[in-house]
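A short reminder: the numbers here are calculations on the coordinates, not readings from a lab. In this text, all values refer to a predicted model and were calculated from it rather than measured experimentally. Here the Cβ positions follow ideal geometry from the backbone for every residue, glycine too, while neighbour counts run over all protein chains shown.
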């Protein structure tokens, strides 16, 4: 069965270890009706005639929720076509992501609008073909970055937020996560506007000081993108603002309980000790796994474009990670299942905690915890079948088997 083909005649999954936020249940059973979970717990007698998928003694977990992702399978969401959006979504579906937030890069207003429109079109197409959409909203990520922290994004497209522009994106109704560097003029107004629309308000690609983070927090900012990547530190703030030395984004996030953040656990961005530090300092309730993945997912090593295929920035995939032409990191090239395996191998976090960081915690941060993120009755039947090495064997979305490994 190929990814994206619907096979809806299944009623549940049996013969696996359930991964729940509270722990593992060996000999687990998951059932669903009309696209929603009706039971998740120990095996029990079921009525005759039910068709149950066999987990083969592996694991049964919730579908992943990715808050920060740029593309896959040769496509970038910023290509601005329904086909590119669908191809990227299908690629991440194969890696277990059942709720996705296509993420913008720095670009002109016309390209950003085209990306949002393409996501609208892809949602409609998914609902026609699958009966359910994996796209839960758009992450407005670029263009409101500090130019000196632009990373692999086009530096020339970085700019300050102005209401005449960002209100256009919010009016689409599709933006659910909104990022801006806290030190930019107009950042507080942007945060307030995003909060009014119930977005997860974030700071990223920023050289913000403690006081600028505090102002952003008061305006509604509650999350910081990819911890330690393209963010301020005490030395960078000293270089920017002089002495006395001031706190940076890192200290603010670690000290402020309400702040959450995310890590790219691909084995290339962060060493194991940093992943362990993040887990211990923030805990699985405030730490999300994200892919920050680009179009090189499931593609051969070689030269690619980050962002729009015609106007984006070049990078090289070495088969393990994306690298900018200057040798710096340029986004990840692996899916969420890889992040889960790496986080489990590199830290002391147990499997329920690691899965929480890839599912329930991100769902909570965007207000979707009643719909997705864990195997609980009443939630959408987004279920993963994984083998004992945590590789994805099957993906169920809304009770429909959309992908099964060959």
Task: Packing-based order for 186-194, 290-298, 85-93, using average beta carbon neighbours within 10 Å, highest first - done: 290-298, 85-93, 186-194
Task: Mean Cα-pair separation over length for the chain, i.e. relative contact order, pairs under 8 Å, 6 or more apart, % - done: 23 percent
Open item on the list: Residues of region 189-219 with backbone nitrogen within less than 20 Å of a virtual label 7 Å along the Cα-to-Cβ line of residue 245, please, listed as ranges.
Closed with: 207-214
- [ ] Using R₀ = 41 Å, calculate the FRET efficiency as 1/(1 + (r/R₀)^6) where r is the Cβ-Cβ separation of residue 276 and residue 127; round to 0.05.
- [x] 0.50
Open item on the list: From the mean inverse distance of alpha carbon pairs (Kirkwood) and the Cα radius of gyration, derive Rg over Rh for region 272-406.
Closed with: 1.00
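Rounded to the nearest 500, what is the 222 nm mean residue ellipticity of the chain from helices alone, with -39500 (n - 2.57) per DSSP H run of 4+ residues and division by all residues?
Details: 11 runs with 112 residues, N = 406.
Helix contribution divided over all residues of the chain: -8000 deg cm²/dmol.
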Task: Virtual paramagnetic centre 7 Å along Cα→Cβ of residue 164, amide N under 14 Å, in region 102-117 - done: 109
Task: Within region 268-309: backbone nitrogen closer than 15 Å to the residue 387 label point (7 Å, Cα to C-beta) - done: none
Task: Among 138-150, 360-372, 316-328, the order from most to least packed when residues are scored by Cβ within 10 Å on average - done: 138-150, 360-372, 316-328
Task: Distant alpha-carbon pairs in the chain (separation over 27 angstrom), percent - done: 47 percent
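What translational D, rounded to a whole number of µm²/s, comes out for region 257-317 from Stokes-Einstein when the hydrodynamic radius is the Kirkwood one over Cα pairs, at 25 °C and 0.890 mPa s? Before the final figure, lay out the partial values.
Numbers: Rh = 13.6 Å.
Answer from the Stokes-Einstein relation: 180 µm²/s.
Please tell me the relative contact order of region 278-382 in percent, rounded to the nearest whole number, where contacts are Cα pairs under 8 Å and at least six residues apart. Walk me through the numbers on the way to the answer.
Numbers: 148 pairs, mean separation 25.5, N = 105.
Computed value for region 278-382: 24 percent relative contact order.
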Task: Whole-angstrom Cα spans of region 134-204 along principal axes, big to small - done: 31, 28, 18
Task: Cα centroid separation, region 88-118 to region 5-82 (Å) - done: 23 Å
Task: Cβ-Cβ FRET estimate between residue 171 and residue 257, R0 fixed at 30 Å, reported to 0.05 - done: 0.35
Open item on the list: Given points 7 Å out from each Cα along the Cα-Cβ axis, report the residue 109 to residue 155 separation in nanometres with one decimal.
Closed with: 2.6 nm
Task: Relative contact order [Cα under 8 Å, 6+ residues apart], region 42-200, whole percent - done: 18 percent
TODO: Run the quick spin-label model on residue 51 and residue 233: label points 7 Å from Cα toward the beta carbon, then report their separation in nm to one decimal.
DONE: 5.5 nm
